[in-house]
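The values are calculated or read from the model by the stated rules, or taken from the named source; none is laboratory data. None of these values were measured; they are calculated from a predicted model. In this analysis, Cβ positions are derived from the backbone assuming ideal geometry, glycine residues included, and neighbour counts consider all displayed protein chains.
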Amino acid sequence: MMGGERIVVAVDGPAGSGKSSVSREAARRLGLRYIDSGAIYRAVTHFLLGHLGTLEKGESYAGHLDGLEIAQRFDPDGSVQTFVNGTDVSRAIRDELIARNIGTVSDDPGVRNFVNGLLRSWSRRESLIMDGRDIGTVVFPDAAVKIFLDASAEVRSLRRAAEYREMGKTVDVNEIRNQIIRRDQEDIARPFGRLAKALGSFYIDTSSMEKEEVIKRIIELIAEAGGPRVVDGRPG
Ligand code: DC
């Protein structure tokens, strides 16, 4: 990273690839701000459900976003809080009701424009590490560093299951694997902002990597961002 310049680091990848935990930790260590773009889509879904009660697939919701203010805070300790009109919704957006409706919201091109505008406005103020599905392809195609984090569906399912166990939840690995596969299909089939490897992105398959190794690799790539690019990728 060049001293004093603002940079954007875009980290995309499928559900369970670990992108949010490693991005958050890399940001914490580097003193950069981390933005969880998935949480922004969740916050929009929360707002729309609160106003409209139910949401219909294929409907356009951009006209219902007046009066919606979303903010996200990243604490130096690495925790993230998301606010809708000043209310902390960080917990509420992890609800099953949000998960059931988010596809309707994130498929809506008007909503995507709204979210993209918000994400870009934050980048004009400070350097960011942002994770999502279309950050390197659509939101910041000129990001200084673009990373595509991947792992096999099997490994992602096992990691998710371990996370749930740590939280004291009972887990059915088959059910988790099915959810991961369903979300992959949704992410790839989305008409706008679908998950894809951005041109010039670094492809990191984390299937047999420790979390610490992935964090170090990301930090290394950011440090090298001012120098020549080595594209360690697979065909997009
Ligand atoms: O990362 P996550 O699971 O919290 O994301 C929630 C949903 O938002 C997920 O279904 C995909 C969608 N999403 C998106 O369409 N574009 C992004 N940049 C980030 C998330």
Of all residues in the stretch 124-143, how many are modelled with pLDDT under 95 and of a type in the set (Gly, Ala, Ser)? 1
Per-region count, the stretch 114-144, residues closer than 23 Å to Ser201 by Cα and exposed (fewer than 14 other Cβ atoms within 10 Å of the Cβ): 6
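Pick from the stretch 134-156 the residues that are more than 16 Å from the ligand (Cβ to nearest atom) and assigned to a helix (DSSP H, G or I): which of them is nearest to Glu5 (Cα to Cα)? Spell out how you get there, then give the answer.
Of all residues in the stretch 134-156, those more than 16 Å from the ligand (Cβ to nearest atom) come to 142, 144-145, 152, 154-155.
Cutting the leftovers down to assigned to a helix (DSSP H, G or I) gives us 154-155.
Values: Glu154: 40, Val155: 37 Å.
Once the filter is applied, the top-ranked residue is Val155.
For the stretch 146-175, how many residues meet the condition of being within 15 Å of the chain's Cα centre (by Cα) and of a type in the set (A, V, I, L, M)? Lay out the reasoning, then the answer.
Within the stretch 146-175, the first condition is being within 15 Å of the chain's Cα centre (by Cα), and the residues that meet it are 146-150.
Next cut, of a type in the set (A, V, I, L, M) only: 147, 149.
Qualifying residue count, the stretch 146-175: 2.
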Residues being assigned to a helix (DSSP H, G or I), away from the ligand (no atom under 12 Å from the Cβ) and modelled with pLDDT of 95 or more - total across the stretch 26-63: 8
Looking at (1) touching a residue at least 12 places away in the same chain (Cβ under 8 Å); (2) on the phi < 0 side of the Ramachandran plot; (3) part of a loop (DSSP other than H, G, I, E, B), which is the one condition that is false for Asp131? (3)
Evaluate the following for Arg159: is it more than 13 Å from the ligand (Cβ to nearest atom), in a helix (DSSP H, G or I) and either on the phi < 0 side of the Ramachandran plot or surrounded by fewer than 15 Cβ atoms within 10 Å (Cβ to Cβ) (or both)? yes
Tally of residues being touching a residue at least 40 places away in the same chain (Cβ under 8 Å) and either within 24 Å of Val22 (Cβ to Cβ) or not hydrophobic (A, V, I, L, M, F, W, C) (or both) across the stretch 39-57: 9
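Name the single residue, out of those in the stretch 162-199 being small (Gly, Ala, Ser) and either in contact (Cβ under 8 Å) with a residue 60 or more places away in the chain or within 14 Å of the ligand (Cβ to nearest atom) (or both), that is nearest to Pro14 (Cα to Cα). So that I can check it myself, show each step before the final result.
Step one: filter the stretch 162-199 for residues small (Gly, Ala, Ser), giving 162, 168, 189, 193, 196, 198.
The next check asks that each one be either in contact (Cβ under 8 Å) with a residue 60 or more places away in the chain or within 14 Å of the ligand (Cβ to nearest atom) (or both); those that pass are 189, 193, 196, 198.
Working: Ala189: 12, Gly193: 13, Ala196: 9, Ala198: 13 Å.
In this case the residue turns out to be Ala196.
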